[in-house]
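See below for the structure under consideration.
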Amino acid sequence: MLSPSRTVSSRLLRTGSWLPLWLGSVRSAASSLQKELIKKRELEKDELRPLYMDFQATTPMDPRVLDAMLPYQVNYYGNPHSRTHAYGWESESAMETARKQQVADLIGADPREIIFTSGATESNNMAIKGVARFYQAKKRHVITTQTEHKCVLDSCRILESEGFSVTYLPVRTDGLLDLELLEASIRPDTSLVSVMTVNNEIGVKQPIKEIGKICRSKGVFFHTDAAQAIGKIPLNVSDWKIDLMSISGHKIYGPKGVGALYVRRRPRVRLEPLQNGGGQERGLRSGTVPTPLAVGLGAACSIAQQEMEYDHHRVSMLANRLVQKIMSEIPDVIMNGHPEQRYPGCVNLSFAYVEGESLLMALKDVALSSGSACTSASLEPSYVLRAIGADEDLAHSSIRFGIGRFTTEDEVDYTAEKCIQQVRRLREMSPLWEMVQEGIDLKSIKWTQH
């Protein structure tokens, strides 16, 4: 009679795998060259485009936003900073309307506190580096979390190279920040706390209002990256005691290449500009403001404010439909992040015993993202999923489903059915799934390198 270890080895050999882990061999095989070949072949096919279910990466522009922008692309093309003729006045008026009546109103801000930028990445860089450098004579400590967007983490690493001290707070297994730990981490020389409102990968919604209270009571500025939250959940910078907020246009059905940074005036927040020149945007962001993009951002914010409640209700319904369909048909599926404190349109599921990259390729007629990499060039497991304590095999098996304003019930049903079908197929091919069905505890196996 064969021993358990011999049985395991024979099964792995039978599938042609000689590496210590079957999943590891699949990951190694998915080289960047193979991905490029697959991408090229798919783009050359004369077929229907895939369904779009990746609304956290970007959103399609709302046609109403395009309608608002077009006149400023063609007829009203003046420089908004030209003060001597009608062309400049027209553009300036449109830019200020977007700033005052649309972007500022959406978050309960004063229009003078809105700085137009190229997007949330620039806004995050401006807020973190700008505040830290301005107050560095007395305060040289910054706090953030391990699950922030890469541009926040990289900005903090730049500050570390300049001699600043940065605390990267861990999060709980549900993705939420421990408020007691945050309060205990604030020091007399802490200048800034930066915590994102809604996580771009797992959709967890942090207790921003409570964090704002803690920071205000300690005399520390509070910045939040609200790119995934703006226009989707109610936000009020005054009530929540937010001092700086980053906004992105293309995450709220607006144009790409535009965003905003909210910078509080009272109590005043000072920051050192990253970009110098003509002194536009209160001297914080020199350069000509692109009027069509600013108008587009304003229109997107205005539409979001009008339709937020309806959109949230509909997205919640579609997300519940997707999750229930998948989880009722497939065992061993884990939803990553807090089940309730979350934005419903971001659904991150881990399918045990299935490689995320393989599932993505199998679902090529649906545009999705794998949570197994924070960048497309990396096959390392997501740092966000590792931060919440997900096992490496589950981190490698995660898929992010993004649901938005234009998603239909038919698209959700098709995605769920296709996902169920492909997960079952891939599991049938997996020796690990076969072992689990026979009651073998995979964690008890001692894998050896050959």
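The values are calculated or read from the model by the stated rules, or taken from the named source; none is laboratory data. If you're wondering where the values come from, they're calculated on a predicted model, not measured in any experiment. Neighbour counts are summed over all protein chains in view; Cβ atoms, including those assigned to glycine, are modelled from backbone coordinates with ideal geometry. Only protein heavy atoms, including side chains, enter the accessible area calculation; ligands, DNA and RNA are left aside. Shrake-Rupley method; radii C 1.70, N 1.55, O 1.52, S 1.80 Å.
Treating the beta-carbon of each Lys and Arg as +1 and of each Asp and Glu as -1, no other charges, what is the dipole magnitude of the stretch 73-216 about its Cα centre, to the nearest 20 debye? Present the calculation step by step, with values, prior to reporting the outcome.
Values: 17 positive and 18 negative charges, 77 e Å.
So the dipole magnitude of the stretch 73-216 works out to roughly 360 debye.
Residues of the chain: accessible area per residue at 1.4 Å, in Å²? The partial results should precede the final answer.
On the way: 20860 Å² over 450 residues.
For the chain, the solvent-accessible area averages 46 Å² per residue.
What fraction, in whole percent, of alpha-carbon pairs in the chain exceed 31 Å separation? Write out the running numbers ahead of the final one.
Numbers: 47835 of 101025 pairs.
Every Cα pair in the chain considered, those over 31 Å come to 47 percent.
If you scale each eigenvalue of the Cα gyration tensor by 5 and take the root, what three semi-axes come out for the stretch 131-196, rounded to whole angstrom and sorted largest first?
Numbers: eigenvalues 84, 41, 12 Å².
Gyration-tensor ellipsoid for the stretch 131-196: 21, 14, 8 Å.
Give me the percent of accessible area attributable to carbon and sulfur for the chain, probe 1.4 angstrom.
Values: 10770 of 20860 Å².
On the chain, the fraction of accessible area on carbon and sulfur atoms equals 52 percent.
Rounded if a/c is under 1.5, else prolate if a/b beats b/c, else oblate: with a ≥ b ≥ c from the C-alpha gyration tensor eigenvalues square-rooted, which is the stretch 196-331?
Working: a/c = 2.45, a/b = 1.49, b/c = 1.64.
Taking the square roots of the gyration eigenvalues as a ≥ b ≥ c, the stretch 196-331 is oblate.
To one decimal place, what Kirkwood hydrodynamic radius in Å is obtained for the stretch 253-302 from all pairs of distinct Cα atoms? It would help to have the intermediate numbers written out before the result.
Numbers: mean 1/r = 0.0812 Å⁻¹.
When all Cα pairs of the stretch 253-302 are included, the Kirkwood radius is 12.3 Å.
To the nearest 20 debye, what charge dipole does the chain have about its Cα centre, counting +1 at the Cβ of each Lys and Arg and -1 at the Cβ of each Asp and Glu?
On the way: 54 positive and 53 negative charges, 248 e Å.
Dipole of the chain, to the nearest 20 debye: 1200 debye.
Let me understand the stretch 275-372 better: what is its radius of gyration from the alpha carbons, and its Dmax, in angstrom?
Just the Cα atoms of the stretch 275-372 yield Rg and Dmax of 20.3, 60 Å.
Please list HIS223, HIS81 from largest to smallest accessible area, probe radius 1.4 Å, with all protein chains kept in place.
Numbers: HIS223 0, HIS81 50 Å².
Most to least solvent-accessible, the answer reads HIS81, HIS223.
Can you tell me the Rg and Dmax of the stretch 292-450, counting just the alpha carbons, in angstroms?
18.1, 62
Among 193-205, 67-79, how do they line up from the highest to the lowest mean number of other beta-carbon atoms within 10 Å? Walk me through the intermediate numbers first.
Numbers: 193-205: 26.0, 67-79: 15.7.
The packing order, highest mean first, is 193-205, 67-79.
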